[in-house]
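So the structure is just underneath, and the comments pick up after that.
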Amino acid sequence: MHFIVDNAIIMAAGKSSRFAPLSYEKPKALIEVRGEVLIERQIRQLRAAGIDEIIVVTGYKSEDFEYLKAKFNVQLVKNEAYATRNNHSSLYAVRHALKNTYICSSDNYFSENPFEKEVDGSYYATVYHSAATDEWCPTLDEKGNIVQVTIGGNAHWVFYGHVFFDEHFSKQYVAFLEEAYPEEATKEKYWEDIYLEHTDVLKMKIRKYPDGVIHEFDSIEELRQFDPTYQQDTRSPILKKIAQHFHVLESELTNMSPLLDEAGDVIGFSFLVGKKIYRYFYEVGII
């Protein structure tokens, strides 16, 4: 059975705290990679595949995405719960739009366009990790449907990138999502957690992609490996200021890691200059 894609949801509500300090200065989706803004490249690829209706779910720094409405004629929906709930809340915010729908992460970079107008059923994109990984590793039944997932594995296909919901899957998933949403325990769940609680009903396969097609950047170090221009120019006023303070190149600032307060909010980041650890607090500066 084939399904004509109705629309795409691009999830762009999160804070991306591991990407500090760039994500403190602008949403990760709006970072430029190899000459293109991440979310803009993804929108262009969706449009090239004939998908006209695109909904961007915002939250953190939502005002920074407003220009997309005029530039690309996309819809913006703000996830008001982005700071208190996990990413299932972004799908909840647009649950009535879920049909034959691509679900995309705004910070993916696709070296080749993975989207198409006609799809043969629900799937989760995967890539193969030949070594140990801490990604989500699916187990399949004899028909190729996902039945369970383990966090971490070795020599395994792992969830990586976009997802497609066919209309039947969407209808069933929304019912489970609406049922679970009021429960306090749901707040910390990924949308995938809710799906994985119902794999007996919600049938989804995996789609395998070759190495080098789907890219994610969980840290500035990973971005620097993919786009070497970030070695000497991080595009970050904060990092430029720190480099000037220490009289070093931006490339000499490494091992950046977010600093959290007791409530779990990002208040700064730690970094290395040489072998010495320093801390930068957004409201204070270097300590």
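Go through segment 60-96 residue by residue and tally those that are within 18 Å of the chain's Cα centre (by Cα) and loosely packed, with under 13 Cβ neighbours inside 10 Å.
Looking only at that region, the number is 1.
Considering only segment 140-166, state which residues are among the polar types (S, T, N, Q) and either surrounded by 14 or more Cβ atoms within 10 Å (Cβ to Cβ) or over 22 Å from the mean Cα position of the chain (by Cα) (or both).
Those that are among the polar types (S, T, N, Q) and either surrounded by 14 or more Cβ atoms within 10 Å (Cβ to Cβ) or over 22 Å from the mean Cα position of the chain (by Cα) (or both): ASN145, ASN154.
When the residues of segment 121-132 are narrowed to those that are assigned to a strand (DSSP E or B) and modelled with pLDDT of 95 or more, which ends up nearest to LEU202 (Cα to Cα)?
TYR123
Step by step: first the residues of segment 231-260, then only those that are part of a helix (DSSP H, G or I) and without any contact (Cβ under 8 Å) to a residue 12 or more places away in the chain, then the one that is surrounded by the most Cβ atoms within 10 Å (Cβ to Cβ). Which residue is that?
ALA243
So which residues in segment 1-59 are part of a loop (DSSP other than H, G, I, E, B) and either over 29 Å from ASN255 (Cβ atoms) or among the hydrophobic types (A, V, I, L, M, F, W, C) (or both)?
MET1, HIS2, VAL5, ASP6, ALA13, ALA20, ILE31, ALA49, GLY50, ILE51, ASP52
Only one of these conditions is not met by ASP107: (1) part of a strand (DSSP E or B); (2) at pLDDT below 95; (3) surrounded by 14 or more Cβ atoms within 10 Å (Cβ to Cβ). Which number is it?
Exception for ASP107: condition (1).
What single numbered condition from (1) more than 25 Å from PHE65 (Cβ to Cβ); (2) part of a strand (DSSP E or B) fails to hold for HIS162?
(1)
Within segment 67-77, identify whether any single residue is touching a helix residue (DSSP H, G or I) at 6+ places or on another chain (Cβ under 7 Å), of a type outside the set (S, T, N, Q) and in a strand (DSSP E or B), and answer yes or no.
yes
Restricting to segment 53-77, give me the number of residues that are touching a Leu at 6+ places or on another chain (Cβ under 9 Å) and without any contact (Cβ under 8 Å) to a residue 12 or more places away in the chain.
The qualifying residues number 2.
Within segment 206-228, work out how many residues are without any contact (Cβ under 8 Å) to a residue 40 or more places away in the chain, surrounded by 14 or more Cβ atoms within 10 Å (Cβ to Cβ) and more than 17 Å from the chain's Cα centre (by Cα).
1
What tally of residues in segment 261-285 results from selecting those that are outside any loop (DSSP other than H, G, I, E, B) and either loosely packed, with under 10 Cβ neighbours inside 10 Å or of a type in the set (D, E, K, R) (or both)?
2
Among the listed residues ASP107, ASP52, which satisfies the condition of being more than 23 Å from TYR160 (Cβ to Cβ) and either of a type in the set (D, E, K, R) or within 17 Å of the chain's Cα centre (by Cα) (or both)?
Numbers: ASP107 fails: more than 23 Å from TYR160 (Cβ to Cβ).
Among ASP107, ASP52, only ASP52 is more than 23 Å from TYR160 (Cβ to Cβ) and either of a type in the set (D, E, K, R) or within 17 Å of the chain's Cα centre (by Cα) (or both).
For segment 165-176, give me the residue count where each residue is among the charged types (D, E, K, R) and assigned to a helix (DSSP H, G or I). First the steps, then the outcome.
In the first step, residues of segment 165-176 are kept if they are among the charged types (D, E, K, R); the result is 166-167, 171.
Adding the requirement that they be assigned to a helix (DSSP H, G or I) leaves 167, 171.
Summing the residues that are among the charged types (D, E, K, R) and assigned to a helix (DSSP H, G or I) in segment 165-176 gives 2.
So if I check each of GLU135, GLU178, GLU118, which one is surrounded by fewer than 17 Cβ atoms within 10 Å (Cβ to Cβ), under 18 Å from ARG207 (Cα atoms) and assigned by TED's automatic domain parsing to the domain that holds LEU196?
GLU118
Looking at ASP193, ASP211 in this structure, which one is in a helix (DSSP H, G or I), under 18 Å from GLU135 (Cβ atoms) and out of contact with any helix residue (DSSP H, G or I) (no Cβ under 6 Å at 6 or more places or on another chain)? Give the derivation first.
On the way: ASP211 fails: in a helix (DSSP H, G or I).
Unique residue meeting the criteria: ASP193.
The values are calculated or read from the model by the stated rules, or taken from the named source; none is laboratory data. Keep in mind the model is a prediction, meaning the values are calculated, not measured. Here Cβ is always computed from backbone atoms with ideal geometry, including for glycine, and neighbour counts include all displayed protein chains.
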